[in-house]
Amino acid sequence: MNWDTRPQAAIQAAASGISSWSTKKGELPVLLIVEDEILLRMATAEQMRGEGFVVLEAANGDEALSLLRSYPLVDAVFSDVRMPGETDGIALAEIVNRYYPRTKIFLTSGVTEPPSIAAAFFPKPYAPNYVARVIKDVCGIPTTL
């Protein structure tokens with residue numbers, strides 16, 4: 001697991017009882033990126049930090065669930081569909097939708113398009129700035145962050 005390089009206070013603020021990003025203006029939105037391809041995850045995370053997100057990273061669905069248990073107030077999850085481990089992107093999306101209903105789920109894959117369980121689907125390769133714009137739009141986050 002990799003943590004955002006911004007001050008730990010930003011992550012703590014994200015997990016300090018905020019019910020959603022839109023109810024606590026001024027806080028940075030928190031995005032959990034779940035991708036088993038490390039270089040793609042690192043590049044996407046860097047782009048999303050530049051777009052104003054506090055970024056948490058997980059290499060698979062199992063790590064993502066562990067992070068969600070620790071930081072349940074994640075605003076959005078951007079996950080690959082096919083990953084190693086017991087929890088793939090589809091299962092992760094179902095769990096997020098059921099147990100973290102205020103968290104928006106966004107899926108990506110180079111192989112298949114999942115059932116309509118996500119707020120949006122992005123086929124690989126994707127443009128990270130476009131992904132950021134869609135996530136912000138769906139979550140009600142100003143694009144000027």
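What follows is calculated from the coordinates using simple rules that are stated; it is not laboratory data. None of the values given here were measured: they were computed from a predicted structure. For neighbour counting, all protein chains shown are included, and Cβ atoms are generated from backbone atoms with ideal geometry for every residue, glycine included.
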Using the 10 angstrom Cβ neighbour count as an exposure proxy, how do I90, I135, I117 rank, fewest first?
I117, I90, I135
Is the C-alpha gyration tensor of the range 56-145 telling us rounded, prolate or oblate? Criteria: a/c under 1.5 is rounded; beyond that, a/b larger than b/c is prolate, otherwise oblate.
oblate
Using the 10 angstrom Cβ neighbour count as an exposure proxy, how do S66, S116, S109 rank, fewest first?
S116, S66, S109
Among V138, V111, V54, which comes first, second and so on when ranked by fewest other beta-carbon atoms within 10 Å?
V111, V138, V54
